[in-house]
Amino acid sequence: MEYLRRHRWAVLLALALVAALGLYLLWKPAPTAPPPISAIVVYTPTAPPTPPPTATPTPAPIVVYVSGAVLRPGVYALPGGARVADALEAAGGALPEADLVLVNLARRLHDEEQIHIPRQGEATPVLPSLPGPPASSPGGNTGKVNLNTATLAELDSLPGIGPGYAQRIIDYRESHGPFSSIEEIQNVPGIGPATFARIKDLIAAP
């Protein structure tokens, strides 16, 4: 007992600590479970739908007659949009005596057309690009292209005159009036003496 009296403060302090520890353990909040982790959604971008390819219409085939200085003159079926050069190749190519300078190899062909490849020294006949009679001038020059009445297709049939120059001729006569002579065609932009020399025997004007 003497020991307890001497150390009663130490004993009381120990009891107080034990009591405080017990209260702490009694009232300590229970650990809570962590909130559940939401599922991770992976976003994968999708490409926009590819539109179906648009079908390009195929031009209808055409039939032309190739004559003159070619290896195999005759009638040939060619794909739509073919050029004079394609018709020449189908006919086996030009002969050595052919004068290709007088032929517009880049001109687009029309169905039922005749393509004549002249020989050197031969005047190129006027062949309409589309079926129909050739143009004639009031002076009775049948077989020549009348610059004042010819259509774009008829002007296009002239050697060295494509659709672009044919349209320029039409525009010129509409803005300046009828041609007074065939030499006046040299006033059309792009048509010079060299082109005029090719077509002077094939055209007419009052």
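A few remarks follow.
- Contact order normalised by residue count of the range 59-122, Cα under 8 Å, 6+ apart, percent: 42 percent
- The alpha carbons of the range 59-122 stretch over 36, 20, 15 Å along the principal axes, in descending order.
- In this structure, the amide hydrogen of residue 144, modeled 1.01 Å from its nitrogen in the peptide plane, lies closer than 5 angstrom to those of 137, counting only residues at least 5 positions away or on a different chain.
- Net charge dipole, the range 44-116: roughly 220 debye, given to the nearest 20, about the Cα centre with Cβ charges of +1 for Lys and Arg and -1 for Asp and Glu.
- The range 62-69 - phi-based ³J(HN,Hα) in whole Hz, Karplus 6.51/-1.76/1.60, Gly and Pro as x: 10, 10, 10, 10, 9, 10, x, 7
- Taking each residue as 0.36 nm, the span from residue 97 to residue 148 lengthens on full extension beyond its C-alpha to C-alpha distance by 15.0 nm.
Computed from the coordinates by the stated procedures, all read-outs in this text should not be read as laboratory data. The structure displayed is predicted, hence computed values, not measured ones. When we count neighbours, we look across all protein chains shown, and the Cβ atoms used for this are built from the backbone with ideal geometry, even at glycine.
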